[in-house]
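Q: Before I ask anything, let me first share the structure, which is written out below as C-alpha cells.
Just so it is clear, none of the values below were taken in a lab; they were calculated from the coordinates. Computed from a predicted model, the values in this text were never measured in an experiment. Neighbour counts are summed over all protein chains in view; Cβ atoms, including those assigned to glycine, are modelled from backbone coordinates with ideal geometry.
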Amino acid sequence: MNFLTKFSLRNAVAIFILSFLLVLAGLYSFSKLKIDLLPNIEFPQVAVEVIYPGASPNDVDEQVTSKLEEQLKGIEGIKKIQSVSYESVGIISLEFPFNTDLDKVEQQINTSVKELNLPESAQLDINRFSFGSFPIFNISLFAKGDADIENLLNEKIIPEINKIQGINSVSVGGLKEEIVQITVDKQKATQAGITLEQIKEQINQKSLSFPAGTVNETDLQIPIRVEEKLSTIEELKKLQFTSTFNQQAPAVALSEIANIETITEQPEYTRYNLQEALSMAVTKKQDANTVEVAKKTLEILDRYDDQVDYAIGFDSAEGIEKSVETLVKEGILGALFASIAVLVFLRNFRATVIAIISIPLSLLVSAIFLHQLDISLNIMTLGGMAVAVGRVVDDSIVVIENVFRRVRKSKSGITNELIESSTKEILKAITSSTLTTIVVFLPIGFVGGITGEFFLPFALTVIFSLFASLIVAVTIVPILAKFSFKKVPSEEKEGKMQRVYGKTISWSLNHKLVIILSSIVLLVGSFALVPTLGFTFIPNEEEKMLQATIQLPSSTSLDKTNEVSLEIEQMFNEQKEIDSITTAVGSRDFATGIKRSNQAGYFLSLQEDVDVLTFINEIERKMEKVTEGVAPGTKISVQELSSGGPPTNNNVVVDLYSTNLDDLQTAAKQVEEYMMSFDNLKYVTNNFSDKQKQLVVEIDSEQASEYGVSGFQLLGTVADQTKPVSIGTLELDNEDRAVQLSYDQSLTSSEEIEQLMIFTAKGPVQLSELASVNEIDTYTSIQKLDGKVFARIEAEIKDENIQKVTQDVVNGVKKDLALPATIEFEGGGGSDETVEIFQALGLAMVTAIGLVYLTMLITFGKARIPFIILSSLIFVPIGSLVGLVIAREPLSVSVMIGFLMLIGIVTTNAIVLVDRITQNREQKGMTIRDSLIEAGQTRLRPILMTAFATIAALIPLALTTSSGTLISKGLAITVIGGLTSSTLLTLIIIPVVYELFFTKQVKKERTLNKEVSQ
C-alpha cells in the first residue's frame, strides 16, 4: 500500500478534494440513515391464525388446529410447531432456522391449506414476526368541546396517517358502534312459527343485486341488473314474514313481533388516567424509520389540536432517541478522551490533531457503507461506532508517531522521501494489525441464530471504520504531517521511561522462568474469579414502563370486568410512583390477537427514581387486595414492558406433557407454586388454562330422524336463543348500518334449553324430546407443542447466574415434587440456548485466532513469528476477568464479543513490536537481544499510545448507567481490562517468548560475542 502514500504526497490537493467529497457523502448518508432501537431483523417465525366462529376449544382443536398441524409439519426445514386452540380461534406458530425464505414458506402454507377440508366458516390468516411488528405508539385521544372525534378519526386523521411512508397499520380501541337492533318478542315469534334464522334469511333476500344479461338496442348493448333492497328502517319494519312450518298461518310484519331501534354499543373500554378516551396504536413497516414515522404521526395530530387532545401512554421513538443521544454523547466523550491520551504522549498539539483526524473521517465513511446496505442507525451500529473510536485512531497514531520521531532525528528536515520511508517502515505493521482486527469479526457469521443476526451490524460498522482508518493513515496523515512538521524541535535524549523499560527487558530476558511462572500464576488466579461472575445472555435493563393485566374467570362479562378495572385504576391513581395509566378493557390481546371480555390491560409509566422490582411486588399485592373482594379467582400479571430486542434468555422453562388433562392441570399448578417459592425468579406464568362450565346438547339421532330434524336446525335454534345473530351491514336511510337480531329474553338455565320449542314436520316439540342437555367442565384452551398437549410454566431469572438457577429449578421439580404418573417432564430454558451460543462464540474465537495466524503468516512469511505474536493473547483474560469482577458485570454475549475484539486489538501491539524486531535483524543486522531492547524502546510510546487511546475512548461506555447501552457496557469493560493487562504483559512477554523461539540463534550470537570480546 506504499503506492497510496506516494500518490497522496504528489497529489495532495486531489486527496483533500476527495476527502472533502467523502465527508459530504458521509454527512449526507448519516442524515439519511433510518433511526431505530434495534437492527431490522425478521424472526424465522410464521403464525397461522384461524377464526372458526362459535366453535369450542375442543372443536377448534379437532376440526382445525390438529388438521393444520398434521399438514404443516411436512414443510421443509421446520424446527418447532406450537399451537393453541381457544374458543372460536386457533393459532399455530411455526419456527424455522434463520435465513429461511419465508415467502416460500408462506406459499407452501397456502398450498397445504388448500388441500385440507376445513370448515366453510373458518377464515385463515398468516402473519410474520419481527422487531418492527411491535406498536411504536399507544396514544390516548380526547375530544375537545363538541367535536365528533370518531368521525374526525375515520374521515381525516387515520387516512392521513396511513399515507405516511412506512406506516403499517393504525388501530383505534374504545370506538362506539351504532347498530340497528331488532329485538324479537320470543312469545309472539313462537306463536307465529318464525325463527331468528328465518328473519335473517328473508332480510338478506331483500338485499340483492345481480347482473341478468344484456339487451341489444340498435347498435347498443345494454346490461340488465336485477335489484331488490331495503333502503329505510321503515321498510324494514313493514317487511312481511310467513311461517315455513305452518303455511296456513297469516303473514306478520316485523314490527308486530319485534322492536326495531338504533342503539350504541361499546365492545371495549379505553381510558387514560381514569378519563374516557380512544386508544390509538400505530405500527410501522419492518424497514421503516421509527423516529420519522412517530414524528409525522404527531404532526398530523397537532394539525387538529383545536378538535383533538392527546396523551402518549407508550412511545418507543422517545426511548430510541434517548438511546441514540446517549451513545452519540458517549462516542464524542470517547473521542475526546482518546485525543487527550494521544496529546499526553505526543506533547504536540498539531500531531494530536493529525492523529485524531481519522476518527470523524472513518466514522463518516462507515456511514456511507451503512446507508448503501440499508442498515439503520441503532444501538448496535452506534455501539460499533463508539467502540471503534479508540481503535480507528491506532493506525494514524503509529504513522504520525514514527514520522514525528524520524523528523526530530533528521538533520535535513521534512521531505517527501522521509515521510514515505517513515510510513513504509510501519506499513506492514499497521496493515497486518488492521487486517487481523477485521478478520476477527468474520466468524460472527458462524454464530448463527438471532445472536449472529443481532451483532452483524455491530461487526460491519467496526469493519468499515477500521478499513477507512487504514486508508486515512496511509494517505491523509502523511500529507498533513508534511505541512505540519516543517518546524519541530530536535529529538530529546532517550526518555526515562524508555531507559527503565530497556533495563526491564534485559532483566526479564535473564529471568525467563520467573516471568513465565509469574504470568501463569496471574492467569490461573484470574480464572479462579470465574465462579464469582454471573452467567447470562444479555444483562437485564430496568424499564420504567410496566405492562399489567387482570384476567377474571373466563365467563365474566365485559361490564363486570370494567367495574373491577375501575377499582384497580383508582388504586393505581393513588400511587405516587405512577406517572400515567393507559387502560384497555376487553381489547385485543397483543400476544394472541384475541379479544377477551374478561381481561383488562394497562400501560403504567413510572417516575424515573422508582425501584422497579420492589414496586412491582408492591403493586401486585395491592392489585390482589382489590380483586380478592370483588372478583375472586382473578389472575394478575405485572412486568416490565418488552418492546422487542434480542431474547435475554434469562428464563427457566418447565414443559409438562400428558394426554390426561386433569393430571396436566394438577402438575402445572404444583410446578407453578414451587417456582413461586424461589426468591430469584419473577414473572412466573402457567399457560395451562382453568376449567369452565359448559352445557353440551347431545342429540338423540333416532328421535331427531323420526321428527325430520337435522343437527344444524337444533344448532341454529339454540344459537338464536343464546347470542345475537348478525345480519351484516345494510344501507338504511343512506347510511351503512350493522344490523343484529336477538330475542327479548335470554336463556338462564339448562332447564330453559330443554324447554325450547323446535318446529318439526310433526309440529312443535320440546328440545328435550330430541336431545339431552348435560353440564360438564371443560378447558378454555388446548395447547400443543410438536403435536403433543403440554403445559408450560415459565419464569424470568433475577439472578445473574442463570445456568445455576435453571439447574436448581429443574432438579428441584424432579426431586421435590410428586407429579402424577402420566406426566412427562422437560426442563431447561434460556441457559441452554445461552450455552449453545457461548459455544458458537468460542468456536468463532478459535476460528478468529486461526484467521489471525494465517494473516500474519502471509504478512511475515515465517511460521514462528505468528506464534510469538499470538502468545500475547494468553494473558488477555487476566485484566478482563478482574475488570468484570470489579464492575460486577456478569459473563454475557457482549463480554464474549469483547473477547473476540481483543484478539484483534491485542495482536496489534504485538505486531508493531515484532515488526520492528524483524526490521532490526534483517535490515540492520542487529543481534536478537539488541533487536529486542531497541524495538521495545522505540515502539514503547506508540504501543502505550494506541492502548491508552482505545482504553480512554471506551471509558464513557464502561461507566454508563443509561438504558439502551448495556450491550456495549460489558464489551467495554472486557476490552479495557484485557487491553490493560495484555499491553503491560506483552511488553515483557513478547521479548521473552521471542528469545525462547530463537534459542539456538541466541546461543550462537552469545558465543560469537564472547569470541569477539576475547
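Q: Please give the net charge around A704, taking every other residue with its beta carbon less than 13 angstrom from that of A704, where Lys and Arg add +1 and Asp and Glu add -1. Intermediate values should be presented prior to the final figure.
A: Values: positive: K762; negative: E698, D700, E702, E706, E769.
Net charge in that neighbourhood comes out at -4.
Q: A follow-up question, please. What order do you get for 941-951, 802-812 when each peptide is scored by the mean count of other beta carbon atoms within 10 Å, highest first?
A: Output ranking for 941-951, 802-812: 941-951, 802-812.
Q: I would also like to ask the following. How big is the charge dipole of the chain about its Cα centre, in debye rounded to the nearest 20, if each Lys and Arg gets +1 on its Cβ and each Asp and Glu gets -1 on its Cβ?
A: Values: 88 positive and 123 negative charges, 2001 e Å.
About 9620 debye.
Q: Ok, one more. Antiparallel versus total DSSP beta bridges in the chain: what percent is that, nearest 5?
A: 95 percent
Q: Right, something else. Beyond a 20 Å Cα-Cα separation, which of these cross-linked pairs lie in this structure: K424/K1004; K595/K682; K206/K723; K163/K296; K635/K682; K862/K1000?
A: K424/K1004; K595/K682; K206/K723
Q: Take the alpha carbon atoms of region 240-298, find their radius of gyration, then divide it by 2.2 N^0.38 Å using N residues; give the quotient. Let's see the in-between values first.
A: Numbers: Rg = 25.3 Å, N = 59, 2.2 N^0.38 = 10.4 Å.
Computed over Cα atoms of region 240-298, the ratio equals 2.44.
Q: Taking Rh as the Kirkwood radius, which is the inverse of the mean 1/r over Cα pairs, what is the Rg/Rh value for the chain?
A: Rg/Rh for the chain comes to 1.10.
Q: May I ask you to derive the FRET efficiency for E201 and T262 from their Cβ-Cβ distance with R0 = 25 Å, giving the value to the nearest 0.05?
A: With a Förster radius of 25 Å, E is 0.65.
Q: Using Cα positions and a limit of under 19 Å, work out the aspartates and glutamates in reach of K762, with same-chain residues fewer than 8 apart set aside.
A: Straight-line reach from K762, under 19 Å: D700, E702, E706, E754.
Q: Compute the angle between helix 802-816 and the longest alpha-carbon principal axis of the chain, please, reported from 0 to 90 degrees and rounded to the nearest 10.
A: 50 degrees
Q: Please give the net charge around S465, taking every other residue with its beta carbon less than 15 angstrom from that of S465, where Lys and Arg add +1 and Asp and Glu add -1.
A: Spelling it out: positives minus negatives among the neighbours equals -1.
Q: Measuring from centroid to centroid over Cα atoms, what is the spacing of region 270-301 and region 725-747 in Å?
A: 32 Å
Q: Ok, one more. Looking at region 31-151, how many pairs of lysines come closer than 23 Å at the Cα, when each pair is eight or more places apart or spans two chains?
A: Lysine pairs, 8 or more places apart or on different chains, close enough: 11.
Q: Cα gyration tensor of region 33-133, axes a ≥ b ≥ c as square roots of the eigenvalues: rounded (a/c below 1.5), prolate (a/b > b/c) or oblate?
A: Since a/c reaches 1.5 and a/b is larger than b/c, the shape of region 33-133 is classed as prolate.
Q: Quick check: the angle from helix 893-923's long axis to the longest principal axis of the chain, C-alpha only, nearest 10 degrees?
A: On a 0 to 90 degree scale, this one is about 20.
Q: Can you give the helix-only mean residue ellipticity at 222 nm for the chain, where every DSSP H stretch with n ≥ 4 adds -39500 (n - 2.57) and the sum goes over all residues, rounded to the nearest 500 deg cm²/dmol? Please list the in-between numbers first.
A: Details: 35 runs with 535 residues, N = 1014.
Using -39500 (n - 2.57) per qualifying helix, the result is -17500 deg cm²/dmol.
Q: Of all trypsin sites (Lys or Arg not before Pro) in region 327-417, which ones are in loop regions per DSSP and have a Cβ with at most 13 other Cβ atoms within 10 Å?
A: When the trypsin sites (Lys or Arg not before Pro) of region 327-417 are filtered for loop state and at most 13 Cβ neighbours within 10 Å, R347, K411 remain.
Q: Region 456-485 to region 22-55: how many Å between their Cα centroids?
A: 31 Å
Q: With everything on Cα atoms, drop me the angle between helix 290-303 and the longest principal axis of the chain, reported from 0 to 90° to the nearest 10.
A: That works out to roughly 50 degrees.
Q: How high is the relative contact order of the chain, given as a whole-number percent (alpha carbon pairs under 8 Å, six or more residues apart)?
A: Rounded, it is 17 percent for the chain.
Q: Rounded to the nearest 0.05, what FRET efficiency do K1000 and T415 give with R0 = 51 Å and r taken as the Cβ-Cβ distance? Could you check?
A: Calculated transfer efficiency: 0.75.
Q: Could you compute the net charge surrounding I312? Neighbours are other residues with a C-beta less than 12 Å from the C-beta of I312; K and R count +1, D and E count -1.
A: Values: positive: none; negative: D309, D315, E318, D579.
For residues surrounding I312, the net value is -4.
Q: How much length is gained if the chain between E769 and D306 is pulled fully straight, taking 0.36 nm per residue apart and subtracting their Cα-Cα distance, in nm to one decimal?
A: 160.2 nm
Q: Which of L913, H511, A548 sits farthest toward the positive end of the charge dipole of the chain, with +1 on the Cβ of Lys and Arg and -1 on the Cβ of Asp and Glu?
A: H511
Q: What shape does region 679-759 have by the C-alpha gyration tensor, where a ≥ b ≥ c are the square roots of the eigenvalues, rounded means a/c under 1.5, and otherwise prolate means a/b greater than b/c and oblate the rest? It would help to have the intermediate numbers written out before the result.
A: On the way: a/c = 2.75, a/b = 1.25, b/c = 2.19.
Oblate.
Q: Same structure again: Contact order normalised by length for region 33-133, with contacts defined as Cα pairs under 8 Å and 6 or more residues apart; what percent is it?
A: RCO, region 33-133: 45 percent.
Q: Checking the cross-link filter: which lysines have an alpha carbon closer than 16 Å to that of K329, excluding same-chain neighbours under 8 positions apart?
A: Leaving aside lysines fewer than 8 places away in the same chain, those within reach of K329 are K969.
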